[in-house]
Amino acid sequence: MSKATEVTSIRRLAGLFNTSRSSATNPAVPTAAAITSSKSIDEVPKFQNLVHRFKKSSKSSKFRNYNRTAYFNTVLRLASAKQFSLIDDILQHQKKYEEISQEGFVIRLMTLYGKAGMYEQAHKLFDEMPELKCQRTVNSFNALLAAYLHSKKFINAGELLEQLPEKLGIEPDLISYNTVIKAYCEMGSMDSALSMVDTLEKKGLEPDIITFNTLLDGFFSRGRIVDGDEIWGLMEKKNVVPDIRTYNSKLRGLVHGNKVLEAVEFFEEMKNKGIEPDIHSYNALITGYCDEGNLEQVKHWYGELKKSYKPDRATYCKVLSFLRKKNEFEMASEICKEAMDRRLISGVTWMDKLVSESRIEEAIQFVESGLSRSALKLRFP
């Protein structure tokens with residue numbers, strides 16, 4: 001393809017993305033550049049308006065008690081935009097309502113603070129509970145631990161478990177210990193995580209499937225297969241039955257340790273024991289063969305996955321990245337169209353790849369055969 005033809009084709013391609021299929025009925029459809037520009041205008045007033053509307057809705061007891069999704073989505077949206085002061089504004093606003101004296105309601109607010117990474121505000125609310133005439137129990141204490149965990153303040157979670165219960169007269173339960181075990185695993189302090197198992201047993205508690213799955217994730221994800229197998233053996237001695245998450249932990253561990261053939265054998269062993277593989281099981285094997293560069297096996301296991309499940313976003317991203325490296329453009333285009341139709345990915349990265357490889361006509365055919373709303377998000381200079 002000549003340079004002149006390539007330039008013309010790129011312009012044609014850009015034109016496809018800047019024209020909506022609905023433009024015939026709505027001639028004022030904005031271009032991608034215009035949409036991008038408009039998004040950067042008046043962001044703060046937009047979020048302030050969101051907060052205003054949320055506060056107005058909060059006046060309804062029905063909204064406060066039965067619309068938890070609205071609370072979660074609003075906080076998540078503000079957190080993604082780093083509007084933390086506005087999150088504090090709407091959650092502080094909830095103190096004016098009678099539900100603030102109910103521990104379950106306070107736990108919800110603490111959980112939202114935690115999801116936003118605002119552990120200090122969650123702790124402040126926990127400290128204020130007596131003033132709000134709200135009793136503190138192990139449940140709100142666990143919510144506080146979870147807030148520190150979600151905020152990635154892992155070591156602080158362990159310190160809270162060590163210091164607060166005796167001070168407040170609260171007896172930690174299995175959830176408390178499981179939360180701190182998770183925190184230690186996340187920070188890679190596996191010895192500390194194991195010590196928690198000893199501690200909870202001394203308190204008369206027994207580790208459950210959550211305890212063991214957390215530990216197995218921690219060990220296997222670091223390629224410590226032998227240690228993971230020892231934990232597995234301990235789990236069986238305590239008559240705790242492995243579930244699909246348990247098996248997936250080991251599958252991922254074997255893949256992480258570059259033992260893909262062993263992972264396949266373990267996959268078959270799992271099926272023979274009556275454990276039905278889920279999409280994460282297949283994704284683990286696909287990841288292993290992608291990392292090995294084995295195109296034939298990636299195609300095989302992708303096909304096996306599709307017999308039982310629809311690929312998720314992780315599947316699409318992994319397989320598309322691999323196929324691009326292998327220059328398998330035809331298969332990748334088909335998969336990308338499917339993922340776009342399901343609105344799991346946009347075609348930006350794939351189209352960039354086609355253009356960078358000077359595969360302009362393929363890019364045009366891709367757009368013309370699979371144009372969707374998500375495709376309209378693509379932008380070219």
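Every read-out reported here was derived from the displayed coordinates using simple, explicitly stated rules and does not represent laboratory data. Because the structure is a prediction, the values reported are computed rather than measured. Note that we place each Cβ from the backbone using ideal geometry, even for glycine, and neighbour counts take in every protein chain shown.
Quick look at the numbers
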| item | result |
| --- | --- |
| Within region 105-195: Cβ-based charge dipole about Cα centre, in debye rounded to nearest 20 (Lys, Arg +1; Asp, Glu -1) | 360 |
| Likely footprinting exposure, Cys134, Cys317, fewest C-beta neighbours within 10 Å first | Cys317, Cys134 |
| Between region 151-209 and region 215-293, the Cα center-to-center distance that results, in Å | 25 |
| Cross-link table Lys82/Lys203; Lys133/Lys202; Lys62/Lys182; Lys115/Lys167, entries beyond 29 Å C-alpha to C-alpha | Lys82/Lys203; Lys133/Lys202; Lys62/Lys182 |
| Extended-chain gain in nm, criterion 0.36 nm per residue less alpha-carbon gap, Asp89 and Glu269 | 59.5 nm |
